1. Can you list, by residue number, the Cys in the chain that have no neighbouring cysteine C-beta under 4.7 Å?
2. For the chain, find the longest principal axis of its Cα atoms and tell me its angle to the long axis of helix 41-60, 0 to 90°, nearest 10.
3. Each label point is 7 Å from the Cα along the Cα-to-Cβ direction; what then is the distance between the points at Glu115 and Arg170, in nm?
4. In degrees from 0 to 90, rounded to the nearest 10, what is the angle of the helix 129-140 Cα long axis to the longest principal axis of the chain?
5. Which of Ile22, Ile53, Ile155 moves the most in a Gaussian network model of the chain with Cα springs under 10 Å?
6. Separation between the Ser76 and Leu24 pseudo-spin-labels, each 7 Å from Cα along Cα→Cβ, expressed in nm?
7. Go ahead and estimate [θ] at 222 nm for the chain from helices alone: -39,500 (n - 2.57) per DSSP H run with n ≥ 4, summed, over the residue count, rounded to 500.
8. Need one number: nm distance between label points at Lys84 and Asp14, each 7 Å from Cα along Cα→Cβ, rounded to one decimal.
Amino acid sequence: MDYSELVTAINNNDTRKINKLIDLIRPRLIAFLCIHMNAGEADAKDIAQDSLIIAIETIEEDELREPQQVIKYMLSICKNRYLKYLKKQKKISATDISKHQEQGPNQLQALLNKEQMRLLRLCLQQLKKKHQQFMQFWFDHPDAHTNRVAEKFEISVSSAWTRKHRLIKRLNKCYQKKSKL
C-alpha cells in the first residue's frame with residue numbers, strides 16, 4: 001500500500017481518506033512495536049497514537065521532506081519514542097524506592113491536589129465547549145473504550161483518539177504554564 005496518500009489526504013483535508021489510512025497504519029505501528037521492539041500492547045497503542053499525532057502535525061506543517069517515506073518516518077518515531085520510554089522507566093526503577101515511599105503531611109497533599117484541580121479547571125475552560133464536553137466525558141469515564149466515546153460524539157474512532165491526545169497535550173501545556181506563575 002502506498003501510504004504517501006496520507007500526506008495528500010492531509011494536505012487536501014480529506015477526513016474520510018485520512019481516517020481510512022490511519023485505521024490501516026495504526027495496526028502496523030502497533031505490530032512493529034510489539035514484534036520488533038517487544039513492547040506491551042497498551043504501551044504500543046499509546047506510542048503508536050502519539051507517533052501518528054506527531055507525523056500528522058509534521059505533515060500539516062509541511063515539514064516532511066519525503067512524503068513517499070511517511071511509513072518509515074512513523075516507524076522511526078515509534079522506535080525512538082519507545083526507546084525514550086524504556087530509558088525513563090529504567091531511571092524510575094533504579095531510583096531509591098524509599099524516597100518515593102516517604103509521606104508528607106496529608107494537609108499539604110490535599111492543598112496541592114486542590115490547586116492542581118483548580119489549574120486544570122481553568123485550562124479546561126479555555127477549550128471550546130465541544131472540547132470541554134469531550135474531555136469531561138473522559139474525566140468522568142476514564143476507563144471508557146474509544147469506540148464508546150466515538151459513538152457518543154458521533155466521530156470516528158481515529159478522530160476520538162486523535163482529539164483526546166491533542167486535547168490532553170493542550171491541557172498539559174496550559175497546566176504547565178499556569179503552574180509556573
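Taken together, the values in this text are just the output of simple stated rules run on the coordinates, not laboratory data. Keep in mind the model is a prediction, meaning the values are calculated, not measured. Using ideal geometry, Cβ is built from the backbone for each residue, glycine included, and neighbour counts are taken over all protein chains shown.
1. Cys34, Cys78
2. For helix 41-60, the angle is close to 60 degrees.
3. 2.7 nm
4. 60 degrees
5. Ile155
6. 2.2 nm
7. Details: 9 runs with 141 residues, N = 181.
The helix-only estimate for the chain comes to -25500 deg cm²/dmol at 222 nm.
8. Computed distance between label sites Lys84 and Asp14 equals 3.1 nm.
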